[in-house]
1. Is there a residue being under 22 Å from residue 45 (Cβ atoms) and in contact with a helix residue (DSSP H, G or I) (Cβ under 6 Å, 6 or more places away or on another chain) anywhere in the stretch 179-192?
2. Taking only the stretch 7-28 into account, find how many residues are surrounded by 11 or more Cβ atoms within 10 Å (Cβ to Cβ) and either more than 23 Å from the chain's Cα centre (by Cα) or farther than 12 Å from residue 100 by Cβ (or both).
3. Is it true that some residue in the stretch 52-66 is assigned by TED's automatic domain parsing to the domain that holds residue 31, within 24 Å of residue 30 (Cβ to Cβ) and in contact with a strand residue (DSSP E or B) (Cβ under 7 Å, 6 or more places away or on another chain)?
4. When you look at residue 92, is it assigned to a loop (DSSP other than H, G, I, E, B), within 16 Å of the ligand (Cβ to nearest atom) and within 22 Å of the chain's Cα centre (by Cα), yes or no?
5. If residue 57 meets every condition in (1) over 21 Å from residue 125 (Cα atoms); (2) more than 16 Å from the ligand (Cβ to nearest atom) apart from one, which number is that one?
6. Could you tell me which numbered condition residue 204 fails, if it satisfies all but one of (1) more than 10 Å from the ligand (Cβ to nearest atom); (2) assigned to a loop (DSSP other than H, G, I, E, B)?
7. Checking residue 196 against (1) outside any helix (DSSP H, G or I); (2) closer than 22 Å to residue 132 by Cβ; (3) within 12 Å of the ligand (Cβ to nearest atom), only one condition comes out false. Which one?
8. Can you confirm whether the stretch 216-225 contains a residue that is at pLDDT 90 or above and in a loop (DSSP other than H, G, I, E, B)?
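The values are calculated or read from the model by the stated rules, or taken from the named source; none is laboratory data. This is a predicted model, so every value here is computed, not measured. Note that each Cβ is placed from the backbone with ideal geometry, even for glycine, and that neighbours are counted across all protein chains shown.
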Ligand SMILES: NC(=O)c1ccc[n+]([C@@H]2O[C@H](COP(=O)([O-])OP(=O)(O)OC[C@H]3O[C@@H](n4cnc5c(N)ncnc54)[C@H](OP(=O)(O)O)[C@@H]3O)[C@@H](O)[C@H]2O)c1
């Protein structure tokens, strides 16, 4: 009999919540490790996936196990896995076509994982991959931020903002951010140089000569104001 595990599954788009079900353990490829999931985090993309907002881009077959981010312990390694072993504490973000971290076990390619630094708990590590990769790719790989560049990071108190502010500062940039007044101290403690309340201030009237904007909010806000 196939071994079973608990997983959070959607059977139809827009169902109010995923359902906890018994499903078969994931099938491993030679480059995969099998991970016992200790922690997983919820991102905006999980809500969009659940509601079918991405189905034109990502044609998943339902039923679907949700979840992209995870941290856990390797329980088995595939025949071609070279860098990891059973017992390693790892974290990562799975490829979009292989989501399914809201489950007891996950099969994931060795190229999509890293060892958890000793300073992080499983819960802290599981909160980082998607926001960390998004922020790092945008600020480091695409913008190639350098010492003295000026960057606006809207929504500085959110998942992306809290990580992006720290990476931008590490790269030497001058960082402006928007947030509500209650989160001013938080974003300042992360290193933001200039903080604006998006409820009372129009950033376009105050900020001049910025090199980059990490516009995660989308829509017309940025185009309308600049
Ligand atoms: N999370 C990811 O990994 C990820 C990856 C790629 C793209 N994205 C996209 O990035 C956006 C933010 O994601 P998130 O995970 O950071 O969300 P989040 O954790 O919900 O944070 C959103 C932040 O935006 C702030 N905010 C609300 N209304 C605003 C406005 N009108 N102007 C400026 N800031 C405003 C809020 O600040 P206050 O609490 O101070 O009101 C909140 O802290 C979403 O559109 C998401 O789809 C996210």
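1. Yes, there is a match, as at least one residue in the stretch 179-192 is under 22 Å from residue 45 (Cβ atoms) and in contact with a helix residue (DSSP H, G or I) (Cβ under 6 Å, 6 or more places away or on another chain).
2. Taking the stretch 7-28 and keeping what is surrounded by 11 or more Cβ atoms within 10 Å (Cβ to Cβ), we get 7-11, 13, 15, 18-21, 23-26, 28.
Okay, now just the ones that are also either more than 23 Å from the chain's Cα centre (by Cα) or farther than 12 Å from residue 100 by Cβ (or both), so 11, 13, 15, 19-21, 23-25, 28.
Result for the stretch 7-28: 10.
3. Within the stretch 52-66, one or more residues are assigned by TED's automatic domain parsing to the domain that holds residue 31, within 24 Å of residue 30 (Cβ to Cβ) and in contact with a strand residue (DSSP E or B) (Cβ under 7 Å, 6 or more places away or on another chain).
4. Values: assigned to a loop (DSSP other than H, G, I, E, B): no; within 16 Å of the ligand (Cβ to nearest atom): yes; within 22 Å of the chain's Cα centre (by Cα): yes.
For residue 92, the condition - assigned to a loop (DSSP other than H, G, I, E, B), within 16 Å of the ligand (Cβ to nearest atom) and within 22 Å of the chain's Cα centre (by Cα) - is not met.
5. Of (1) over 21 Å from residue 125 (Cα atoms); (2) more than 16 Å from the ligand (Cβ to nearest atom), only one is false for residue 57: (2).
6. (2)
7. Going through (1) outside any helix (DSSP H, G or I); (2) closer than 22 Å to residue 132 by Cβ; (3) within 12 Å of the ligand (Cβ to nearest atom) one by one, residue 196 breaks only (2).
8. No, there is no match, as no residue in the stretch 216-225 is at pLDDT 90 or above and in a loop (DSSP other than H, G, I, E, B).
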